[in-house]
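Q: Sharing a structure below in structure tokens format, with a few things to ask.
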Amino acid sequence: MPKKKKEISRREFLSSSAYAALGMASLPLMKSESLWGKTVERKINIALVGTGVRGSSTWGKTLIEEYSDVLEMVGLCDINPKRMEYARRYMGATCPIFADFKQMIKETKPDTVIVTTTDCFHAKYICLAMEMGCDVITEKPLATDEKMCQEILDTEKTTGKKLTVTFNYRFSPEAEKIKEILMSKEIGEITSVDFNYYLDIYHGASYFRRWHGFKQFSGSLLVHKATHHFDLMNWWLSAEPVEVNAYGELRKYGHNGSFRSARCMSCPYKEKCEYFWDITTNEHYMNLYVKAESEDGYLRDACVFRKKINIWDTMNVQVQYHNRVTMSYSLNAFMPYEGYFVGFNGTKGRLDARVYHSQPWKVENMADFRITHNFGQSKTFGISSEGSGHWGADQVMQDRIFRNPGPDLLGQGAGSRDGALSILIGIAARRSIEQERPLKIEELVML
């Protein structure tokens, strides 16, 4: 039996000449080497719109504490003044705050705007920022429907500004390893993929407590959450989706509950509800959300059994790609553990990956892999957990954006087209469920 191939380190892989030719392009955000590379001559002026938990932490507090030598936070914008004022203190920011986005741009003149608002407002602020002369960094998803998506693509083309979509999953250790294996052609050309993602009863339920539980705000989990997974697959396969067919049901949350209340904090059923969540134990959330409720009425601990919830918790999607690869995908939002299984079927073998995010048992690795060759050996290996913030992915991504842009050997930088292709799978899946038919991507937008 042939010996196992030696596993090279990530650093050895990135420095190997075999892939050097792939790494000459910087992330699409880069303006010039003197501005965005190591030879920065002045700080980049950054403005942030949306001061919820993701905005105030990853794109607020972290940037101010870790990147203040290369950037300056010049303005914050949010429709909720109490939340924004607390967020400014929490972040350690000294910049002015604004309720009016246009006023912020006119007065602070940022180079780049970071968008971390409710999903359905991403397109509004992305387009306004570009029209007013700013580059944009946006959290996923790019938008929540096809009309917004087209508007963003058209605005970027018209203005000539640059848009970066922060797909941090591309920078996670297991995702990088999968990309490396597929690029090596060890299992040949990919023909089909099985991708099953599981949200546990804690994380999964959290989406149904928040604004994410309504299609009009989040586009459904097929857009808000699965955009991560669809982007990973597009990137892994270096392929673009052509046709989508999907099924979805609401089986656990929403109308399925036998009792309900407006929120957990005042719920009369808290003693018997398995999904009771005590927000009062989280001082940060109390300050960021509960103490700001008087401004907009938003309840961060709303009931997961609200009858008006209109997204699905059980979803299955089939995707056909331009290179004839097909993917079968599922997303379930009330599982006893969290993570995913993905299997790539190739002309020379199969790659299986099991990624652990949260589970009620001990695991040695954050991801376990198996590569099985046709008529040959099967080998296994694992990757241990490293870093914080999505397993270190947030920091790696932000370093690439703000400090050291290239070379981008694995093609991890994501722009508007990447953002569009990921959400268009989710939007097409949503339309497919609603219309009970397959949809072609070309029906939705002109790319």
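The values are calculated or read from the model by the stated rules, or taken from the named source; none is laboratory data. Keep in mind that this is a model prediction, so the values were computed, not measured. With ideal geometry, Cβ positions are generated from the backbone for all residues, glycine too; neighbour counts draw on all protein chains shown.
Q: List the number of the failed condition for Ala428; all other conditions in (1) under 21 Å from Ala246 (Cβ atoms); (2) in a loop (DSSP other than H, G, I, E, B) hold.
A: Every condition holds for Ala428 apart from (2).
Q: Does Asn245 meet the test of being touching a strand residue (DSSP E or B) at 6+ places or on another chain (Cβ under 8 Å), part of a helix (DSSP H, G or I) and either surrounded by 23 or more Cβ atoms within 10 Å (Cβ to Cβ) or not aliphatic (A, V, I, L, M) (or both)?
A: no
Q: Modelled with pLDDT of 95 or more, touching a Pro at 6+ places or on another chain (Cβ under 8 Å) and farther than 24 Å from Ala246 by Cβ: does that describe Ala414?
A: No.
Q: Which one is surrounded by the most Cβ atoms within 10 Å (Cβ to Cβ) among residues in region 184-195 that are within 17 Å of His373 (Cβ to Cβ) and aliphatic (A, V, I, L, M)?
A: It comes out as Ile190.
Q: Can you name the condition, by its number, that Arg89 falls short on among (1) crowded, with 17+ Cβ neighbours inside 10 Å; (2) of a type in the set (Lys, Arg); (3) free of Cβ contacts under 8 Å to residues at least 24 places away in the same chain?
A: Answer for Arg89: the failing condition is (1).
Q: I'd like to verify a number: residues in region 252-284 that are more than 26 Å from Leu331 (Cβ to Cβ), of a type in the set (Ser, Thr, Tyr) and touching a residue at least 24 places away in the same chain (Cβ under 8 Å), how many?
A: Counting residues in region 252-284 that are more than 26 Å from Leu331 (Cβ to Cβ), of a type in the set (Ser, Thr, Tyr) and touching a residue at least 24 places away in the same chain (Cβ under 8 Å) gives 1.
Q: Further question on the same structure: If Ala393 satisfies all but one of (1) at pLDDT 95 or above; (2) closer than 26 Å to Leu221 by Cβ; (3) in contact with a Gly (Cβ under 9 Å, 6 or more places away or on another chain), what's the number of the condition it fails?
A: It is condition (1) that Ala393 fails.
Q: Still on this structure, I have one more. Of the residues Tyr340, Tyr269, Tyr289, only one is more than 30 Å from Glu442 (Cβ to Cβ) and under 23 Å from the mean Cα position of the chain (by Cα); which?
A: Among Tyr340, Tyr269, Tyr289, only Tyr289 is more than 30 Å from Glu442 (Cβ to Cβ) and under 23 Å from the mean Cα position of the chain (by Cα).
Q: Any idea which of Asp231, Asp194 is acidic (Asp, Glu), closer than 15 Å to Tyr340 by Cβ and over 18 Å from the mean Cα position of the chain (by Cα)?
A: On the way: Asp231 fails: over 18 Å from the mean Cα position of the chain (by Cα).
Among Asp231, Asp194, only Asp194 is acidic (Asp, Glu), closer than 15 Å to Tyr340 by Cβ and over 18 Å from the mean Cα position of the chain (by Cα).
Q: Are any residues in region 272-329 among the basic types (Lys, Arg) and under 30 Å from Thr347 (Cβ atoms), and if so, which ones?
A: Arg324
Q: Based on what the data block shows, is Asn323 surrounded by fewer than 18 Cβ atoms within 10 Å (Cβ to Cβ), farther than 30 Å from Arg437 by Cβ and either hydroxyl-bearing (Ser, Thr, Tyr) or out of contact with any Cys (no Cβ under 7 Å at 6 or more places or on another chain) (or both)?
A: no
Q: If you take the residues in region 196-216 that are within 17 Å of Asp301 (Cα to Cα) and aromatic (Phe, Trp, Tyr), which one is surrounded by the most Cβ atoms within 10 Å (Cβ to Cβ)? Walk me through it before giving the result.
A: Residues of region 196-216 within 17 Å of Asp301 (Cα to Cα): 201-214.
Subset that is aromatic (Phe, Trp, Tyr): 202, 207-208, 211, 214.
On the way: Tyr202: 12, Tyr207: 22, Phe208: 25, Trp211: 18, Phe214: 17.
Checked region 196-216; the qualifying residue surrounded by the most Cβ atoms within 10 Å (Cβ to Cβ) is Phe208.
Q: A follow-up question, please. With the structure loaded, tell me whether Lys379 is without any contact (Cβ under 8 Å) to a residue 60 or more places away in the chain, farther than 18 Å from Ala175 by Cβ and of a type in the set (D, E, K, R) or whether it fails that test. Spell out how you get there, then give the answer.
A: Numbers: without any contact (Cβ under 8 Å) to a residue 60 or more places away in the chain: no; farther than 18 Å from Ala175 by Cβ: yes; of a type in the set (D, E, K, R): yes.
Taking the combined requirement at face value, the residue does not satisfy it.
One line per residue, one yes/no per condition, for (1) within 26 Å of Ser206 (Cβ to Cβ); (2) crowded, with 20+ Cβ neighbours inside 10 Å; (3) in contact with an Asp or Glu (Cβ under 9 Å, 6 or more places away or on another chain); (4) touching a residue at least 60 places away in the same chain (Cβ under 8 Å):
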site: Ser328; (1), (2), (3), (4): no, no, yes, yes
site: Phe344; (1), (2), (3), (4): no, yes, yes, yes
site: Gly349; (1), (2), (3), (4): no, no, yes, yes
site: Gln398; (1), (2), (3), (4): yes, yes, yes, yes
site: Leu409; (1), (2), (3), (4): no, yes, no, yes
site: Ile427; (1), (2), (3), (4): yes, yes, yes, yes
site: Leu447; (1), (2), (3), (4): no, no, yes, yes
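Q: Let me ask you something else. So Cys303 ticks every box in (1) over 26 Å from the mean Cα position of the chain (by Cα); (2) in contact (Cβ under 8 Å) with a residue 60 or more places away in the chain but one. Which box is left unticked?
A: Answer for Cys303: the failing condition is (1).
Q: Taking region 95-112, which residues are more than 29 Å from His228 (Cα to Cα) and part of a helix (DSSP H, G or I)?
A: Taking region 95-112 first, the residues more than 29 Å from His228 (Cα to Cα) are 95-100, 102-109.
Answer for region 95-112, where residues must be more than 29 Å from His228 (Cα to Cα) and part of a helix (DSSP H, G or I): Lys102, Gln103, Met104, Ile105, Lys106, Glu107, Thr108.
Q: Quickly run through region 51-65 and pick out the residues that are more than 16 Å from the chain's Cα centre (by Cα) and crowded, with 16+ Cβ neighbours inside 10 Å.
A: Result: Thr51, Ser56, Gly60, Lys61, Thr62, Leu63, Ile64.
Q: Next question. Test Leu76 against the stated conditions and say whether it is of a type in the set (A, V, I, L, M), in contact with a Pro (Cβ under 9 Å, 6 or more places away or on another chain) and crowded, with 21+ Cβ neighbours inside 10 Å.
A: The answer is yes for Leu76.
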